[in-house]
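S.K.: Before I ask anything, here is the structure I am working with.
The values are calculated or read from the model by the stated rules, or taken from the named source; none is laboratory data. Owing to the predicted nature of the structure, the values given are computational and were not obtained by experimental measurement. Using ideal geometry, Cβ is built from the backbone for each residue, glycine included, and neighbour counts are taken over all protein chains shown.
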Amino acid sequence: MNQTMYTAISGMNAFQQALSVTSNNIANANTTGYKKQSVVFNDLLYQNTMGSVAGGLYAGTNPMSFGSGSKIGAILTDYTAGSPTSTGRNKDAALQGRGFFIAGDNAGGNIVYTRDGSFAVSDNNYLTTQQGKYVMGYATDKNGNVLNGNLQPIQIPLNSAIPGEATKNGSLSGNIPLDWGEKDTISSELSVYDNAGGKHKLQVNMKAATPDASGNVSYEYEIQMDGKALTPPVTGTLNYNAQGELTNPDALKNIQINSTVNGKQVNMGLNLSGLTNYGTNQVFSPTSDGKGAATVKDYAVTDSGYIAVSYSDGTVIPVAQLAVATFSNEDGLVKMGNGEYVPGLSSGDAVYGVAGQNGAGGISGSSLEGSNVDLSREFVNLMTYQSGFQGNTKVIRVADDVMKQIVNLIQ
């Protein structure tokens, strides 16, 4: 009877541990990035009789095995991705597929791995986890290419500025009307930038003229910067035939402008060869390259894990990309709490990369990965393990009753 009790006790212990695993799953049904666990039951050692070999007049006998109960043989973690939920929060990121975010100290040590992408920003503008660990990644150029393979804490360049790009080319196309009314000058403006990113207005001023007997006409033009004539002056003529088409387009394709404004240089070419002189309304289309200096306005974690910075001029530039680690055996990872993992003896070494590399999944910006717990399945497991536990307690009561009856026989 003692063996019966010990067998039932082992079953109670196993089912109690299974209930603990299930209750932990239920408790973390809303935990970001949580991975559900399941138990594997194993039987304990057996007491065996070997049986006998057939021979002579009798057949052999089969062995007999007396079990000793059960135990938890393994606790497995299901690393399938949870469903992503859009949060609209610019710091959030959700991994879809394999992989883990990487976090550590400010020197890149004491590394831990997590699926929780609910990041924060420190007082010195570093991207961190909710536990204050620095999120690791790679610096990128403005096209999103990783600059080097050095894993480092991601710092967002808030409260900073980027230089502008000087204008190199500009053009003014459109139509100069035949009828100027009472105007003696028609003007159009282009926005241009000096070599320090300063913005200026380049004016093209055209003076009225009277066509000759053949219908040909020449309009004089002058280029000004911020309402002032250039030194030396930049002037010329726009010559049109009676059909309103330019007769000197080659001279207007690359008008050189070299100006100094408050010590800053504007060196560019201007193309006026796209201006016509048809008998219709006035319309101008100015274009130019270059851009002004700008300050950081906002940032966001975008798809593929880029940290994209928005500037005051509307420019969006990636400055870093989140690093993602993969393992050959994720089941070998050790759980540390707070959604963090560290490598175990059987997990294999971490392989670093970015989203989509080394078997890693993708990243969705402004989203969080939900728990992959299926509550309906967990409640079924809860009832199953409870029934198993109750069954073992009943076995103990039966064994106790039998022991009492045996004692009563002796008395």
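S.K.: Check whether at least one residue in the range 17-25 is modelled with pLDDT of 90 or more, touching a helix residue (DSSP H, G or I) at 6+ places or on another chain (Cβ under 8 Å), within 22 Å of residue 340 (Cβ to Cβ) and surrounded by 10 or more Cβ atoms within 10 Å (Cβ to Cβ), and report yes or no.
M.R.: Looking through the range 17-25, at least one residue is modelled with pLDDT of 90 or more, touching a helix residue (DSSP H, G or I) at 6+ places or on another chain (Cβ under 8 Å), within 22 Å of residue 340 (Cβ to Cβ) and surrounded by 10 or more Cβ atoms within 10 Å (Cβ to Cβ).
S.K.: Against the definition (more than 16 Å from residue 238 (Cα to Cα) and assigned by TED's automatic domain parsing to the domain that holds residue 285), how does residue 192 come out, yes or no?
M.R.: Details: more than 16 Å from residue 238 (Cα to Cα): yes; assigned by TED's automatic domain parsing to the domain that holds residue 285: yes.
For residue 192, the condition - more than 16 Å from residue 238 (Cα to Cα) and assigned by TED's automatic domain parsing to the domain that holds residue 285 - is met.
S.K.: So, of the residues in the range 97-106 that are buried (at least 17 other Cβ atoms within 10 Å of the Cβ) and either of a type in the set (Gly, Ala, Ser) or closer than 19 Å to residue 338 by Cβ (or both), which turns out to be farthest from the chain's Cα centre (by Cα)? Break it down into steps so the answer makes sense when it comes.
M.R.: Of the residues in the range 97-106, the ones buried (at least 17 other Cβ atoms within 10 Å of the Cβ) are 98-104.
Next cut, either of a type in the set (Gly, Ala, Ser) or closer than 19 Å to residue 338 by Cβ (or both) only: 99-104.
On the way: 99: 13, 100: 12, 101: 10, 102: 13, 103: 15, 104: 18 Å.
This residue is 104.
S.K.: Looking only at residues that are outside any strand (DSSP E or B) and among the small types (Gly, Ala, Ser) in the range 60-96, which one is nearest to the chain's Cα centre (by Cα)?
M.R.: Among those residues, the one meeting the criterion is 88.
S.K.: Also, I was wondering about something else. Could you give every pair whose Cβ atoms fall below 9 Å, whose first residue belongs to the range 107-121 and is over 12 Å from residue 93 (Cα atoms) and assigned by TED's automatic domain parsing to the domain that holds residue 307, and whose second residue is at pLDDT below 95 and of a type in the set (Phe, Trp, Tyr), counting only separations of at least 6 or pairs across chains?
M.R.: What qualifies is 121/299.
S.K.: With the range 337-411 as the region, which strands (runs of 3 or more DSSP E) entirely inside it contain at least 1 residues that are polar (S, T, N, Q)? Walk me through how you get there before you give the answer.
M.R.: Values: elements: 340-342, 351-353, 362-365, 367-369.
Strands (runs of 3 or more DSSP E) meeting the threshold: 362-365, 367-369.
S.K.: Take residue 385 and decide whether it is outside the structural domain of residue 126 (by TED's automatic domain parsing) and either surrounded by 20 or more Cβ atoms within 10 Å (Cβ to Cβ) or β-branched (Val, Ile, Thr) (or both).
M.R.: Numbers: outside the structural domain of residue 126 (by TED's automatic domain parsing): yes; either surrounded by 20 or more Cβ atoms within 10 Å (Cβ to Cβ) or β-branched (Val, Ile, Thr) (or both): yes.
Yes: the conditions hold for residue 385.
S.K.: Give the residues of the range 305-325 that are polar (S, T, N, Q) and at pLDDT below 90, sorted by residue number. Break it down stepwise before answering.
M.R.: Step one: list which residues in the range 305-325 are polar (S, T, N, Q), which gives 310, 312, 315, 321.
Matches in the range 305-325: 312, 315.
S.K.: At least 3 residues that are of a type in the set (S, T, N, Q) and closer than 30 Å to residue 91 by Cα in each: list the strands (runs of 3 or more DSSP E) lying fully within the range 153-272 that qualify.
M.R.: On the way: elements: 169-175, 185-193, 199-207, 217-225, 228-240, 255-261, 264-271.
Ranges flagged: none.
S.K.: Could you list all residues from the range 202-247 that are crowded, with 18+ Cβ neighbours inside 10 Å and among the hydroxyl-bearing types (Ser, Thr, Tyr)?
M.R.: Residues satisfying the conditions are 219, 221, 240.
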